[in-house]
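These notes are about the structure you will find just below.
The values are calculated or read from the model by the stated rules, or taken from the named source; none is laboratory data. Since this is a predicted model, take the numbers as computed values, not measurements. Note: ideal-geometry Cβ built from the backbone for every residue, glycine included; neighbour counts use all protein chains shown.
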Amino acid sequence: MKKALADQRFPLSVIKLLTRQVAWLRVDTQTILTIASHVITKNHRIAVNHSDRRVWFLHIHDVRQSDRGWYMCQLNTDPMKSQTAYLDVVVPPDILDYPTSSDQVAREGANVTLRCAAHGVPTPHVVWRREAGDLLPATNFSDTHSKYVTTF
């Protein structure tokens with residue numbers, strides 16, 4: 001499994017290629033990406049190159065979360081030979097401005113609900129702390145589709 005943040009490249013080493021062709025495919029969509037040195041897909045972020053026709057590379061530029069999945073390189077032999085690789089795309093955590101709470105004022109003894117909405121892959125874990133760094137005691141905590149709600 002490969003984890004990606006920006007550009008990703010998959011290598012394939014081939015011995016005695018002769019007249020055989022190497023093709024790269026996206027497994028889940030059954031999409032042919034490249035055949036030999038030609039890019040077939042209309043996705044301009046896909047490129048292919050090789051080193052002396054022995055090592056073939058599929059390049060995915062500006063990797064996106066939608067690129068996550070299985071990729072396969074095939075060699076057109078009889079029977080067909082193939083190798084697969086999984087691309088796991090990591091999305092850095094981010095706190096969403098809405099519906100995250102802003103500053104609040106409350107009377108002593110009142111309940112306050114603070115809301116922090118965060119997303120990322122893997123799903124981020126939100127921890128509440130006071131300005132001094134002390135953890136806040138949570139009496140009610142819920143985790144619903146990247147929304148973290150804590151009541152104090």
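So which residues in region 79-102 are under 18 Å from R26 (Cβ atoms) and aromatic (F, W, Y), if there are any at all? Answer for region 79-102, where residues must be under 18 Å from R26 (Cβ atoms) and aromatic (F, W, Y): just Y86. In region 106-125 there is no residue that is in the same structural domain as T19 (by TED's automatic domain parsing) and basic (K, R).
For region 66-87, the set of residues classified as over 30 Å from L18 (Cβ atoms) and either surrounded by fewer than 10 Cβ atoms within 10 Å (Cβ to Cβ) or not assigned by TED's automatic domain parsing to the domain that holds Q21 (or both) consists of S66 only.
Among the residues making up region 78-97, those that are among the charged types (D, E, K, R) and farther than 10 Å from A118 by Cα are D78, K81, D88.
Screening the candidates R64, R20, R53 for the property of being under 30 Å from T123 (Cβ atoms) and modelled with pLDDT under 95 yields one hit, R64.
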